[in-house]
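Here the structure is laid out as structure tokens; the discussion comes afterwards.
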Amino acid sequence: MKEDFYKYQAQTSPNPLAMEISHAKGSYIYDKNNKAYLDFVAGVSACTLGHQHPGVNQAIKDQLDKYSHVMVYGEYIQEPSVEFCRLLAENIPAPLNKTYLVNSGTEATEGALKLAKRVTGRSHLVSCFNAYHGNTMGSMSVMGFEERKRAFRPLLPDVDFINFNCVEDLQKITTKTAGVILETIQGGAGFVEPFDGFLTKVRERCTEVGALMIVDEIQPGFGRTGKLFGFQNYDVVPDVIVMGKGMASGMPVGAFTASDAHMDMLYDNPKFGHITTFGGHPVIAAASLATLKELVETDIMAQTLEKEKLFRELLVHPLIEEIRGRGLMIAPMTPSADITNRVIMKCQDKGLILFWLLFEGKAIRITPPLTVSETEIKEGCAIIIEALNEVQKELGL
């Protein structure tokens, strides 16, 4: 299987982890030798309710028994899609009440950028340095990391970048700007939170010049920061929300949400302003609806903040300089990328899955399922401390 993996499946990096998976359940993934790995990554923030959540699985099975794909997006009325969009609108601030369902976070970004241009009639876009919004051509154009996109130029023109949390840079947002896109918590940059009312100041500047404020909730969204969406922690209402990853507890999905007035501009002049065959797929929508119901009908989102406290209490070590992030989107920072790499690999050997962040080599990604238990948190943190002790001894630190 491993030989075929390398021979037939296109790779994303020179050194994939290449663990051969047997099955997964709850907070654990099992390899073909039936070794259990405690999962502190959750499919890179995607498996919100853990692996094989019974409510999500049942929703998928029930929908499969009724019908799967029947028509291109937006033509037929399909109950799972409609119910998800309705429940979502009921749990976010007005005027954000209309959702376009797509297949991934990067496609949602593409739709949001198109919407900003359509609403404003402008072309100028503003993003942040070290931002990551996806890897298709439009999303890559607003990626704030030149090394990752240089080989694929030319990309979209008329894009400028600002420094996250730098108020002075907001003057780059002008009356020529169609949209400003930014993560509520910068993911690839190292789980960097906004401070000193930065998001509020972006909102004010966008309103002043008539630009759309687009918040990327692909990683912080769906309960990971203690609220349904990260922006709800910062007393701001954007014009567009971009979402994906944790939306359907491990199923491929994305969406962008805006007001009636804005979203309705995509269906005429021209017609089919945005179109997708499989967006809003009823099986995926059923998984999304089951996930959203679990989040809004239980206290699971509030629990993430208590679990964050436990992580911070347990992850105390001389090689941990700080812990960034919020809720169950946190990143212990070590003194170097080498130390972080050693810790992540040692933890995998010991049965704990951690991961890296795209642009910040010193960060250890910790984004477990929101359903992770206190016992599992204690188990995983003990492994991390053990690995840190071994690295400290090996390097004579």
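Annotations
- Residues that are open to solvent by 10 Å² or more (accessible area, probe 1.4 Å) and polar (S, T, N, Q), drawn from the stretch 212-233: 219, 232, 233
- Failed item, numbered, when residue 178 is tested on (1) surrounded by fewer than 23 Cβ atoms within 10 Å (Cβ to Cβ); (2) assigned to a strand (DSSP E or B): (1)
- In a residue-by-residue description of the stretch 23-35, the property of being open to solvent by 40 Å² or more (accessible area, probe 1.4 Å), in contact with an Asp or Glu (Cβ under 8 Å, 6 or more places away or on another chain) and assigned to a loop (DSSP other than H, G, I, E, B) applies to at least one position.
- Test: residue in the stretch 320-333 that is open to solvent by 70 Å² or more (accessible area, probe 1.4 Å) and of a type in the set (A, V, I, L, M, F, W, C): no
- Looking only at residues of the stretch 107-131 that are touching a helix residue (DSSP H, G or I) at 6+ places or on another chain (Cβ under 7 Å) and not acidic (Asp, Glu), we find that the one that is most open to solvent (accessible area, probe 1.4 Å) is 118.
- At least 1 residues being of a type in the set (A, V, I, L, M) and farther than 20 Å from residue 173 by Cα is the threshold, and among the helices (runs of 4 or more DSSP H) wholly inside the stretch 87-153 those reaching it are 105-120, 137-141.
- Residue in the stretch 64-76 that is crowded, with 16+ Cβ neighbours inside 10 Å, at pLDDT 95 or above and within 21 Å of residue 250 (Cβ to Cβ) present: no
- The single residue among 240, 209, 236 that is surrounded by fewer than 24 Cβ atoms within 10 Å (Cβ to Cβ), under 13 Å from residue 92 (Cα atoms) and at pLDDT 95 or above turns out to be 236.
- The test for being of a type outside the set (Asp, Glu) and at positive phi holds for residue 327.
- Any hit, the stretch 57-67, residues being more than 18 Å from residue 293 (Cβ to Cβ), in a loop (DSSP other than H, G, I, E, B), touching a residue at least 40 places away in the same chain (Cβ under 8 Å) and under 20 Å from the mean Cα position of the chain (by Cα): no
- Residue pairs meeting the criteria (Cβ under 9 Å; at least 6 apart or on separate chains; first more than 24 Å from residue 122 (Cα to Cα) and in the same structural domain as residue 122 (by the TED database), in the stretch 148-165; second charged (D, E, K, R) and assigned to a loop (DSSP other than H, G, I, E, B)): 165/193; 165/196
- Scan of the stretch 176-186 for residues that are touching a Gly at 6+ places or on another chain (Cβ under 9 Å) and of a type in the set (Gly, Ala, Ser), ordered by number: 178
- Residue in the stretch 132-143 that is more than 25 Å from the chain's Cα centre (by Cα) and crowded, with 17+ Cβ neighbours inside 10 Å present: no
- In the stretch 371-392, the residues that are closer than 16 Å to residue 346 by Cβ and either open to solvent by 30 Å² or more (accessible area, probe 1.4 Å) or outside the structural domain of residue 39 (by the TED database) (or both): 379, 382, 385, 386, 389, 390, 392
- Every condition in (1) open to solvent by less than 10 Å² (accessible area, probe 1.4 Å); (2) in a helix (DSSP H, G or I); (3) closer than 18 Å to residue 29 by Cβ is met by residue 368 except one, and the failing one is (2).
- Pairs where the first residue, in the stretch 191-218, is in the same structural domain as residue 165 (by the TED database) and the second is open to solvent by 40 Å² or more (accessible area, probe 1.4 Å) and not in a strand (DSSP E or B), C-beta under 6 Å, 6+ apart: 201/167; 209/174; 209/175; 213/203; 218/245
- Which numbered condition residue 3 fails, given (1) part of a helix (DSSP H, G or I); (2) at pLDDT 95 or above; (3) not β-branched (Val, Ile, Thr): (2)
- The listed residues are 310, 358, and the only one of them that is open to solvent by 60 Å² or more (accessible area, probe 1.4 Å), in contact with a helix residue (DSSP H, G or I) (Cβ under 8 Å, 6 or more places away or on another chain) and not basic (Lys, Arg) turns out to be 358.
- Applying the condition of being of a type in the set (A, V, I, L, M) and under 17 Å from residue 304 (Cα atoms) to the stretch 357-397 and asking which residue is farthest from the chain's Cα centre (by Cα) yields 377.
The values are calculated or read from the model by the stated rules, or taken from the named source; none is laboratory data. Note that the structure is a prediction, hence the values are computed from the model and not measured. We place every Cβ from the backbone using ideal geometry, glycine too, and count neighbours over all the protein chains shown. Calculation scope for accessible area: heavy atoms of the full protein, side chains included, ligands and nucleic acids excluded. Shrake-Rupley method; radii C 1.70, N 1.55, O 1.52, S 1.80 Å.
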